[in-house]
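Values in this text are rule-based calculations from the coordinates and carry no lab data. All values reported here derive from a predicted model rather than from experimental measurement. Glycine also receives a Cβ, built like all others from the backbone with ideal geometry; neighbour counts cover every protein chain displayed.
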Amino acid sequence: MKKILIFILLFWSIPVFSQDEIQSNDDLKEPFIRIFNSQKKKIDKGRFLSVSPDYLELNILKGSDTVQVSLKDISYIITKRSTGHSMLIGAAAGMVVGSTLVALTYDPDQGGLFNISKGDMILMVGPVFGLGGTIVGAIVSEFNKSALYRIDGSAEKMKDFKNGVSLSNKPQE
């Protein structure tokens, strides 16, 4: 039991120390955006880099490549990632934590009603923790403040988007 509590305490304390480093970093990451056309079909996604001086093109970072999206193709832009992304990350984290917890603490020699090996126990507990992580990811995504910017091919609305994203990306003092 002592090992389990230390393990849980360790994983709860890691984000506490990482938050200060992220907030004090002057070189914040550009916000993640998803770009949609008038048929509500996603055209592209990536990190916002810049808008051309005449506001006719949007430049995004997709992996290590820069992609240009024409203003006439853009109907609206949504900031942040989708709910599915948060759920997938939560599921992966939950499975890793559950499997690691079993690998560190389970002792098959203690006996009991069932004779289950450590590998079998990992295969049973990992998905349960993964389901828990999925639920946590869904809850977290509900509190995720994503913004929708209607562009509809307008250079003026693109300018408003650029100003809105630039203001929300500045570090808080």
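With 32 Å as the limit, the listed pairs LYS40/LYS162; LYS45/LYS118; LYS3/LYS62 have LYS45/LYS118; LYS3/LYS62 beyond it between alpha carbons. Once backbone amide H atoms are built at 1.01 Å from N, SER75 has PHE36, ASN37, SER38, ASP152 as its partners under 5 Å, excluding neighbours fewer than 5 places away on the same chain.
In segment 83-141, inverting the average of 1/r over every pair of distinct C-alpha atoms gives 11.9 Å as the Kirkwood radius. In this structure the amide hydrogen of GLY46, modeled in the peptide plane, comes within under 5 Å of the amide hydrogens of ILE33, none closer than 5 places in sequence on its chain. Sketch the reach of a paramagnetic label on SER146 as a point 7 Å from Cα along Cα-to-Cβ, and name the residues of segment 52-88 whose backbone nitrogen lies under 11 Å away. The answer is 77-87, whose backbone nitrogens lie closer than 11 Å to the label point.
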